[in-house]
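The values are calculated or read from the model by the stated rules, or taken from the named source; none is laboratory data. Note that the structure is predicted; figures quoted are calculated from it, not measured. Reconstructed Cβ throughout: ideal geometry from the backbone, glycine too, with neighbour counts over all protein chains shown.
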Amino acid sequence: MLKNLLKNVQRPELDFSSLEKPRKPNTYLMSPPDYCQYPPKTISPIFEISVVDLAASFEMIALAEPRTEKLSSREIRNDLQVDYVQYSKLIGYPDTITVRFIDLGEGRSTLAVFSRAHYGYRDFGVNEARGKDWMRKLDLALKKRTGSA
């Protein structure tokens, strides 16, 4: 019953260009420099693959995680923005992870990731740890794909 109630969280559409620093510290932002209204915790890497391949590889990593679902996706110019949700193990608190896959042209891409809790004030580093773990797994998967691992 509680998990069903927690699923009904409001998720307004996220616009990275107007994203301002949240008042609560239960978030994590990784993005290119000057991509948002406030500096990211981590600067996004540049990948030598197309934005389509980056999005597909990232999604494989995200959906392999426990209690994670894809909520929506939409195209924004040459970019793709996807919302995922991951529920906490015990109570089922939802964290929304919005990812913008950014086409840099010439077969290069990067991404912006904004992960946030919807309940509570602190997240004890969960959103940052998730973001860094998913990026580590993405890096490993891409190295295996190209044979450089």
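Take the conditions (1) of a type in the set (D, E, K, R); (2) modelled with pLDDT of 95 or more; (3) surrounded by fewer than 19 Cβ atoms within 10 Å (Cβ to Cβ); (4) in a strand (DSSP E or B); GLU75 misses just one of them, which is (2). Determine whether ILE61 is closer than 20 Å to VAL126 by Cα, modelled with pLDDT of 95 or more, aliphatic (A, V, I, L, M) and in contact with a Phe, Trp or Tyr (Cβ under 8 Å, 6 or more places away or on another chain). Yes. Set side by side, the residues LEU63, LEU54, LEU140 differ, and just one is part of a helix (DSSP H, G or I), surrounded by fewer than 16 Cβ atoms within 10 Å (Cβ to Cβ) and touching a strand residue (DSSP E or B) at 6+ places or on another chain (Cβ under 7 Å), which is LEU63.
Among the residues of this structure, ALA112 counts as one that is in contact with a helix residue (DSSP H, G or I) (Cβ under 7 Å, 6 or more places away or on another chain) and modelled with pLDDT of 95 or more.
Scanning the range 81-136 for residues that are farther than 19 Å from PRO25 by Cα, touching a residue at least 60 places away in the same chain (Cβ under 8 Å) and touching a strand residue (DSSP E or B) at 6+ places or on another chain (Cβ under 6 Å) gives GLN81, ASP83, ARG100, ILE102, SER109, THR110, LEU111.
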